[in-house]
């Protein structure tokens with residue numbers, strides 16, 4: 001999830017802040033990539049957030065859900081739309097249900113690299129297999145990010161908010177875990193707008209999804225997704241830019257320390273990593289089709305941003321938490337740059353009390369691709 005311009009498109013990239021709550025790290029200028037894609041692949045129309053194709057597994061089936069994103073398209077929306085921010089922030093979304101099984105949990109764990117180096121690793125095997133049966137396997141906390149699937153179709157329901165979904169970029173993901181995620185579950189998702197910011201030619205929208213166990217009504221987790229909408233800004237009614245936030249302003253901000261990291265974890269992704277991760281529901285062909293990746297300006301298909309987040313948090317769980325995912329309380333990740341499957345990820349970690357600051361780099365290009373923090377409930381003495 002999330003689209004990043006390739007290295008050769010950096011002239012069309014505006015670095016914005018780098019650190020801080022609205023520093024998504026990539027603001028694109030107008031260009032006509034969507035026209036190139038439509039011309040080269042007329043059967044490609046739209047895909048839902050985070051990038052899931054519906055219906056047939058064949059892209060050429062054209063059975064793709066409405067109210068979704070045009071494949072990796074970047075264009076400027078028309079100027080004839082006017083946003084009403086009060087209608088946007090007060091909108092009540094309908095509740096939706098989401099279900100998953102033990103198979104989904106295990107497949108996700110493999111998709112973020114669990115047991116890839118050692119199939120007998122006792123710190124990770126429990127997320128894929130359990131001697132008491134699949135109903136007893138553990139769940140990685142980043143699995144919760146999958147619960148925000150279908151978010152784009154909900155955004156299309158916003159009154160007083162006209163935007164071009166082809167301009168949507170996934171800038172940041174924040175997750176709170178209220179209790180260990182069950183191995184299988186039927187849940188109810190409640191969505192709301194918790195942030196809206198006018199950035200001139202663009203708007204930043206923050207959507208919160210709280211997931212509850214449907215049977216008990218008990219809260220499981222919360223996802224807060226930050227999206228950047230090119231062409232949707234300029235709606236402020238005064239000289240002061242409109243900015244609305246329902247949560248503490250410093251809750252998702254972090255700054256990468258300049259000191260030596262406490263722990264460094266290095267791991268190579270597999271050449272087929274994106275093909276495996278896509279089976280968790282993100283079927284955007286940008287991550288699997290070489291021709292589409294080439295049209296988008298990449299040398300080959302790129303890895304899903306949330307897969308990179310999964311790798312980083314898994315590294316923290318393995319090293320700092322000694323394999324215990326139940327220690328994770330909250331996760332924040334800011335997407336900076338794309339990753340190619342097969343590249344090596346180096347995750348640097350710094351301990352600040354119960355917060356682990358981290359930065360993930362691609363070794364082969366020496367570029368930062370992800371930064372954020374993980375908050376813990378407690379620390380294992382073996383980690384100190």
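The values are calculated or read from the model by the stated rules, or taken from the named source; none is laboratory data. Note that the structure is predicted; figures quoted are calculated from it, not measured. All Cβ positions, even for glycine, are placed from backbone atoms using ideal geometry, and neighbour counts span all protein chains on display.
Overview of results
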{"read-out": "Residue match in segment 240-259 (condition: surrounded by fewer than 21 Cβ atoms within 10 Å (Cβ to Cβ), at positive phi and in contact with a helix residue (DSSP H, G or I) (Cβ under 6 Å, 6 or more places away or on another chain))", "value": "no"}
{"read-out": "So residue 193, is it out of contact with any helix residue (DSSP H, G or I) (no Cβ under 9 Å at 6 or more places or on another chain), at pLDDT below 95 and crowded, with 18+ Cβ neighbours inside 10 Å", "value": "no"}
{"read-out": "The listed residue being buried (at least 22 other Cβ atoms within 10 Å of the Cβ), within 18 Å of the chain's Cα centre (by Cα), within 26 Å of residue 317 (Cβ to Cβ) and modelled with pLDDT under 90, out of 167, 151, 155", "value": "151"}
{"read-out": "Some residue of segment 256-267 being part of a loop (DSSP other than H, G, I, E, B), free of Cβ contacts under 8 Å to residues at least 60 places away in the same chain, farther than 29 Å from residue 98 by Cβ and in contact with a strand residue (DSSP E or B) (Cβ under 9 Å, 6 or more places away or on another chain)", "value": "yes"}
{"read-out": "Residue match in segment 313-320 (condition: farther than 23 Å from residue 104 by Cα and touching a strand residue (DSSP E or B) at 6+ places or on another chain (Cβ under 6 Å))", "value": "yes"}
{"read-out": "Search result, residues across segment 107-125 that are closer than 21 Å to residue 327 by Cβ, touching a residue at least 24 places away in the same chain (Cβ under 8 Å) and not in a loop (DSSP other than H, G, I, E, B)", "value": "108, 109"}
{"read-out": "Some residue of segment 334-350 being in a loop (DSSP other than H, G, I, E, B), in contact with a helix residue (DSSP H, G or I) (Cβ under 7 Å, 6 or more places away or on another chain) and at pLDDT 95 or above", "value": "yes"}
{"read-out": "Residue within segment 369-376 that is part of a loop (DSSP other than H, G, I, E, B), more than 17 Å from the chain's Cα centre (by Cα), surrounded by 18 or more Cβ atoms within 10 Å (Cβ to Cβ) and touching a residue at least 12 places away in the same chain (Cβ under 8 Å) present", "value": "no"}
{"read-out": "Candidate set from segment 126-148 (those that are touching a residue at least 12 places away in the same chain (Cβ under 8 Å), more than 16 Å from the chain's Cα centre (by Cα) and in a loop (DSSP other than H, G, I, E, B)); member that is nearest to residue 374 (Cα to Cα)", "value": "139"}
{"read-out": "Selection from segment 297-323 of residues that are more than 17 Å from residue 369 (Cβ to Cβ) and in contact with a helix residue (DSSP H, G or I) (Cβ under 7 Å, 6 or more places away or on another chain)", "value": "317, 320, 321, 322, 323"}
{"read-out": "Residue tally, condition part of a helix (DSSP H, G or I), within 26 Å of residue 315 (Cβ to Cβ) and modelled with pLDDT of 90 or more, over segment 268-292", "value": "9"}
{"read-out": "In segment 209-235, the residues that are more than 16 Å from the chain's Cα centre (by Cα) and either in contact (Cβ under 8 Å) with a residue 40 or more places away in the chain or loosely packed, with under 14 Cβ neighbours inside 10 Å (or both)", "value": "211, 214, 215, 216, 217, 218, 219, 220, 230, 231, 232, 235"}
{"read-out": "Options 297, 217, 234: the member that is at positive phi, modelled with pLDDT of 90 or more and part of a loop (DSSP other than H, G, I, E, B)", "value": "217"}
